[in-house]
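Please read the structure below before turning to the comments.
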Amino acid sequence: MASYSVDGKGYLVRKGAYMVSSNDSVGAINEAIKKWRAIHRHAVMEAKIVRRPGDCCALCVAFKDEKDRPFDPCQGCPVKELTGESDCHYTPFWKYPKFRVRPTMELVTRAERAAAAEILFLQAVRAFLTG
């Protein structure tokens, strides 16, 4: 099971492996929500865990396959099933500011709002899955 902490540089880092598979969409959603709660709690900018979605998102770990499915890499992902878009396009994920400079209060506020919106979005996806 993954856990999250903030390192000395202010980056959110994941410790441990995601214990998810494409057979457990709800488990993957729960892990994604856990990650975004940590991001929201710390209002962390340019977190390594956010920068590289292919290996830091439980949903991507469970579902993304660019090698065998280059034209539909997110096939089976519940976010894609709900939105019709790959790579979480048109979700609050893309509103989360990603930058490398010292954050301003405006960017921290924007990050907090985007992280909160992503949590709500993922909870709605979970509700969609569980009926």
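The values are calculated or read from the model by the stated rules, or taken from the named source; none is laboratory data. Here the structure is a predicted model, which means the values were calculated and not measured. A quick note on method: Cβ atoms are made from the backbone with ideal geometry, for glycine too, and the neighbour counts reach across all protein chains shown.
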What is the number of the single condition among (1) of a type in the set (Phe, Trp, Tyr); (2) farther than 16 Å from Ile119 by Cβ; (3) modelled with pLDDT of 75 or more that Tyr11 does not meet? (3)
Restricting the first residue to segment 65-89 and requiring it to be in contact (Cβ under 8 Å) with a residue 24 or more places away in the chain and on the phi < 0 side of the Ramachandran plot, which pairs with a second residue that is surrounded by 13 or more Cβ atoms within 10 Å (Cβ to Cβ) and among the polar types (S, T, N, Q) meet a Cβ separation below 7 Å and a spacing of at least six or different chains? Pro78/Ser25; Val79/Thr91
Please name all residue pairs, on different chains or six or more residues apart, with Cβ atoms under 7 Å, provided the first residue is in segment 102-126 and is surrounded by fewer than 18 Cβ atoms within 10 Å (Cβ to Cβ) and the second residue is at pLDDT below 90 and of a type in the set (Lys, Arg). Ala117/Lys95
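Among the helices (runs of 4 or more DSSP H) confined wholly to segment 35-131, which include 1 or more residues that are within 25 Å of Ser5 (Cβ to Cβ) and at pLDDT 75 or above? Before you say what the answer is, go through the steps one by one.
Values: elements: 48-51, 53-56, 58-63, 78-83, 105-130.
Result: 58-63, 105-130.
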